[in-house]
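A.B. asks: Structure incoming, see below.
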Amino acid sequence: MNAPTYNFAYLDEQTKRMIRRAILKAIAIPGYQVPFASREMPMPYGWGTGGVQVTAAILGRDDVLKVIDQGSDDTTNAISIRKFFAKTAGVATTTSTTDATVIQTRHRIPEGALHAGQVLVYQVPIPEPLRFLEPRETETRRMHALGEYGLMHVKLYEDIARFGHIATAYAYPVKVNARYVMDPSPTPKFDNPKMDNCAALQLFGAGREKRIYAIPPHTSVVSLDFEDHPFTRYRFDAPCALCGAGDSYLDEIVTDDKGSRMFVCSDTDYCETRQSQGHRGSESAAPHKERAHG
Amino acid sequence: MAETKMAETLNGDSDQPLLTAEGLGKSYGHLMACRDVSFALYPGEVLAIVGESGSGKSTLLQLLSAQLTPSAGSVSYRMRDGVMRDLAALGEAERRFLFRTDWGYVHQDPAMGLRMAVSAGANVGERLMAVGWNHYGRIRDTASSWLERVEIDTGRIDDAPRTYSGGMRQRLQIARNLVTEPRLVFMDEPTGGLDVSVQARLLDLMRNLVSELGLAAIVVTHDLAVARLLSHRVMVMKGGRVIETGLTDQVLDDPCEPYTQLLVSSILPA
Ligand SMILES: Nc1ncnc2c1ncn2[C@@H]1O[C@H](COP(=O)(O)OP(=O)(O)O)[C@@H](O)[C@H]1O
Ligand SMILES: [Mg+2]
Ligand SMILES: [Zn+2]
């Protein structure tokens, strides 16, 4: 093999500077979508190239990187992104939420509270929360500029009219810093309250759509709702079968081909940490979810 | 003048104009689509703009509703606080706010004025949500009572307008506009493209709503029957100019201008 021809963290310094400028602007205007010149990355778009570019731009040699996909450090996607940065930046990687300085995520926010100095990088497929009802980009931009967000409530109204309740369960729209309405990426709405007044910096990267947005630490993030249909979190009403946690977001795992199921924490680090502290669930002896998946 | 005569027939605070146009014009290159139009519209007054196709009616309506920037002249509107404002001096946010609160705009093609994929209830409720209504039950109740007022079965409240007939779509568009109780509604050929019997029902409904709500309206139509049924006053346009104006019955029964005489006798194609 030849010696690698790429720069630290793959992207060249010019590109990283351009992305950092977009990030700084995004931090200065919480929730506002900043356009940036998204680059081709050596992975397909569905793999979170927006998040990867943001991570590449902020990573320093002393950083400790964690990558999660649906709460798990061990999916193919999470492993390949972690390996990508271990190889191109030589940074330390971890599965521990507490030890990580940068956490790139798809679909979840870790259960444990994040701390000051950490950065959470979200991979975003569709950054525009108004796109569902307004396909014209010129019009959605004007709506953001003028703070005209009635359309967001039209979407929630349609949910209630159709299903009797706000059925939006992922990518549930929020208002950031009492100004911009933002799509929190396809995280479950269970995670929305964790974005509010979070001690960590939250950065969002959409590669295909070429947008970066941000929530600076300790910024207000409010989920949209109606007075008579207030925002509610949702989780399966069960304790984790492995660690007994009654407050974590659960995945439903099929355990055999006869359709047996169990509920386990989606955040594997949280679950394993609890187990190592002696917490037990009803199925503690059963195989852990990666094995069940496999 | 017809304006002052009209004003005398109206009561309350209607002695001051709601909207005024002065020397209004629009050119596209060498073509003057609309030129030197001046008039005043009073609260509760319905003005019809008639004329053959291409005479500049739609252009004028878009100028009056600030959707087009005039090449000459200006439009002023009396805001809800009673202050007369030049529309060109309004900020974009103010103009858009005006457009979805104190004004209505009924398009000939309902697909232009409705969200075809969204339920009728949400179509009517959208303006309320845009001005900060945040109680689903109240939004829905209000939408429902507006569907009743425009004679749409409230059992259809959750259906999208793409499942509605042409006449229902047009009535839904009207409900969607009136829900914020605007003082002025612009309509461009509101009955165009509908069957004659459907037109008659729609006209009847519009006439009742306009008088119940004391709405002012500016209605563009090439159909003189529409003008006769709805409007207090007409302006006849030809080649971008207003060539005759007056009380509707006077102008239509006893036109001064030869062109209007032709128009009224249906010799000119509409
Ligand atoms: N955007 C435009 N660009 C160029 N010419 C236009 C435009 N809009 C309208 N016109 C022309 O202006 C004239 C008046 O058009 P319009 O106001 O639509 O008439 P009406 O509504 O009475 O049929 C017509 O000759 C039309 O072709
Ligand atoms: Mg026209
Ligand atoms: Zn667990």
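A.B. asks: Take chain B, connect every pair of alpha-carbon atoms lying under 10 Å apart with a spring to form a Gaussian network, then pick out the residue of B:Val236, B:Val198, B:Val50 with the largest mean-square fluctuation.
C.D. replies: Of the options given, B:Val198 has the highest mean-square fluctuation.
A.B. asks: To the nearest Å, what is the center-to-center distance of segment B:42-106 and segment A:1-61, using C-alpha atoms only?
C.D. replies: Centre-to-centre distance over Cα atoms comes out at 47 Å.
A.B. asks: Among the GluC sites (Glu not before Pro) in segment A:199-270, which ones are in a DSSP loop with at most 12 other Cβ atoms within 10 Å of the Cβ? Mind listing them? Don't skip to the answer; put the middle values down first.
C.D. replies: Details: sites: A:Glu209, A:Glu227, A:Glu252; in loops: A:Glu209, A:Glu227.
Loop-located and lightly packed - A:Glu227.
A.B. asks: Between A:Val254 and A:Tyr234, what FRET efficiency comes out of the Förster formula 1/(1 + (r/R0)^6) with R0 = 22 Å and r the beta carbon distance, rounded to 0.05? If you can, show how the numbers build up before the last one.
C.D. replies: Working: r = 21 Å, r/R0 = 0.93.
Efficiency, rounded to the nearest 0.05: 0.60.
A.B. asks: Obtain the nm distance between the two label points defined at A:Ala86 and B:Met116 by a simple spin-label model: each point lies 7 Å from its Cα along the Cα-to-C-beta direction.
C.D. replies: 5.3 nm
A.B. asks: I'm checking a number: the convex hull volume of the Cα atoms of the protein assembly as shown, normalised per residue, in Å³. What is it?
C.D. replies: Working: hull volume 112.9 nm³, N = 564.
Taking the convex hull of the Cα positions in the protein assembly as shown, it is 200 Å³ per residue.
A.B. asks: Could you list, in their original order, any pairs among A:Lys189/A:Lys258; A:Lys83/A:Lys189; A:Lys155/A:Lys189; A:Lys87/A:Lys210; B:Lys26/B:Lys238 whose Cα atoms are separated by more than 19 Å? Don't jump to the answer; show the numbers that get you there.
C.D. replies: Details: A:Lys189/A:Lys258 31 Å; A:Lys83/A:Lys189 29 Å; A:Lys155/A:Lys189 15 Å; A:Lys87/A:Lys210 25 Å; B:Lys26/B:Lys238 14 Å.
Long pairs (Cα-Cα over 19 Å): A:Lys189/A:Lys258; A:Lys83/A:Lys189; A:Lys87/A:Lys210.
A.B. asks: Further question on the same structure: Classify chain A from the C-alpha gyration tensor, please: rounded if a/c falls under 1.5, else prolate or oblate depending on whether a/b exceeds b/c.
C.D. replies: Details: a/c = 1.81, a/b = 1.05, b/c = 1.72.
Since a/c reaches 1.5 but b/c is at least a/b, the shape of chain A is classed as oblate.
A.B. asks: Determine the principal axes of the Cα atoms in segment B:4-147, then give the extent along each, sorted from largest to smallest and rounded to whole angstroms.
C.D. replies: 50, 39, 30
A.B. asks: Along segment B:68-82, what does the Karplus equation 6.51 cos²θ - 1.76 cosθ + 1.60 (θ = phi - 60°) give for ³J(HN,Hα), rounded to whole Hz, x for Gly and Pro?
C.D. replies: 10, 8, x, 7, 8, x, 8, 10, 10, 9, 7, 5, 4, 7, x
A.B. asks: GNM on chain B, C-alpha springs below 10 Å: top fluctuator among B:Leu64, B:Leu229, B:Leu24?
C.D. replies: Greatest mean-square fluctuation among the candidates belongs to B:Leu229.
A.B. asks: Considering every Cα-Cα pair within segment A:147-294, what fraction, in whole percent, is farther apart than 23 Å? Intermediate values should be presented prior to the final figure.
C.D. replies: Details: 5434 of 10878 pairs.
Cα-Cα pairs in segment A:147-294 separated by more than 23 Å: 50 percent.
A.B. asks: For A:Lys194, go through the lysines and keep the ones whose alpha-carbon is under 17 Å away, minus same-chain ones fewer than eight residues off.
C.D. replies: Straight-line reach from A:Lys194, under 17 Å: A:Lys175.
A.B. asks: Right, here's the next one. Going by amide H atoms built from the backbone, whose H comes under 5 Å of the H on B:Arg241, apart from near neighbours?
C.D. replies: Amide H neighbours of B:Arg241: B:Arg35.
A.B. asks: Here's a follow-up. What residues of segment B:87-124 lie in the reach of a label at B:Asp158, counting those whose backbone N is under 18 Å from a point 7 Å from the Cα along Cα→Cβ?
C.D. replies: Inside the label zone: B:117-124.
A.B. asks: Per 10 Å bin from zero, what fraction in whole % of the C-alpha pairs of segment B:117-181 is there, up to the bin with the longest pair?
C.D. replies: 25, 60, 15, 0
A.B. asks: Taking R0 as 22 Å, what FRET efficiency do you get between A:Ala37 and A:Arg142 from their Cβ-Cβ distance, rounded to the nearest 0.05?
C.D. replies: On the way: r = 23 Å, r/R0 = 1.05.
E between A:Ala37 and A:Arg142, to the nearest 0.05, is 0.45.
A.B. asks: To continue, here is another question. Considering only the protein assembly as shown, what is the antiparallel percent among its DSSP beta bridges, to the nearest 5?
C.D. replies: Numbers: 43 of 76 bridges.
Antiparallel bridges: around 55 percent, rounded to the nearest 5.
A.B. asks: Check which residues have an amide H placed less than 5 Å from A:Val34's amide H, if you skip close sequence neighbours.
C.D. replies: A:Ile212, A:Tyr213
A.B. asks: For segment A:75-83, in order, what is each residue's ³J(HN,Hα) by Karplus, 6.51 cos²θ - 1.76 cosθ + 1.60 with θ = phi - 60°, in whole Hz (x at glycine and Pro)?
C.D. replies: Here the 3J(HN,Hα) series is 7, 4, 4, 5, 5, 5, 5, 4, 5 Hz.
A.B. asks: Rounded to the nearest 500, what is the 222 nm mean residue ellipticity of chain A from helices alone, with -39500 (n - 2.57) per DSSP H run of 4+ residues and division by all residues?
C.D. replies: Numbers: 8 runs with 81 residues, N = 294.
About -8000 deg cm²/dmol.
A.B. asks: Could I ask something else about it? Which helices, counted as full DSSP H runs in chain B, have an axial Cα extent of no less than 24 Å and a Kyte-Doolittle average of 0.5 or above? Working shown, then result.
C.D. replies: Working: long enough: B:196-213 (25 Å, 0.59).
Membrane-span-like by this rule: B:196-213.
No value in this document is a laboratory result; all are computed from the given coordinates. These numbers come from a predicted model, not from an experiment. Methodologically, a virtual Cβ is constructed for each residue, glycine included, from the backbone with ideal geometry; neighbour enumeration extends over all protein chains shown.
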